[in-house]
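What follows is calculated from the coordinates using simple rules that are stated; it is not laboratory data. Predicted model, so just to flag it, every value in this text is computed and none were measured. As a convention, Cβ positions derive from the backbone with ideal geometry for all residues, glycine included, and neighbour counts pool all protein chains shown.
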């Protein structure tokens, strides 16, 4: 006598794995393609936040900060947060605007 065993057959499991594989092949390239745009939006938001801290510094001290390090020293931003990505750093121009510039070559290469 045959027992009625419930469960998935090998064919059913292979079909499910094939569908999952197809979905992964579709989604992974789209995520990696948009990664640069996501990082760019994050940098833009961070620049806006640092710009707000520059304005707070100006209100508190009646002068503009001359460097990002001055904001760090006065605890307006945290140490180690003066860059955006591996090869870009934040600076403050003469008008008090936060700008993103390339890091000098000596800072981008690790020993």
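Placing a label point 7 Å from the Cα of residue 64 along the Cα-to-Cβ direction, the residues of segment 86-102 with a backbone N closer than 13 Å are 91-99. Checking (i) 96, 27, 17; (ii) 41, 34, 17; (iii) 92, 32, 25 against the coordinates, the calculated Cα extents along the principal axes in Å falls under label (iii). Efficiency by 1/(1 + (r/R0)^6): what FRET value for residue 99 and residue 72, r their Cβ-Cβ distance, R0 = 22 Å, to the nearest 0.05? The value I calculate is 0.85. The long axis of helix 35-61 is offset from the longest Cα principal axis of the chain by roughly 30 degrees.
To the nearest 0.05, what FRET efficiency results for residue 91 and residue 26 with a Förster distance of 30 Å applied to their C-beta separation? So, using R0 = 30 Å, E works out to roughly 0.15. For segment 33-83, rounded, prolate or oblate, judged on the Cα gyration tensor with a ≥ b ≥ c (square roots of eigenvalues), a/c < 1.5 rounded, else prolate if a/b > b/c? Note, shape of segment 33-83 comes out prolate.
Pick from 81, 32, 67: which residue has the top mean-square fluctuation in a GNM of the chain where Cα pairs under 10 Å get a spring? Answer for the Gaussian network model of the chain: 32.
Spacing of the modelled spin labels on residue 9 and residue 43, each 7 Å from Cα toward Cβ, amounts to 5.5 nm. Working from Cα pairs under 8 Å separated by at least six residues, relative contact order for segment 1-91 is 17 percent. Using just its DSSP H runs of length 4 or more, each adding -39500 (n - 2.57), the chain gives a mean residue ellipticity at 222 nm of -18000 deg cm²/dmol after division by all residues.
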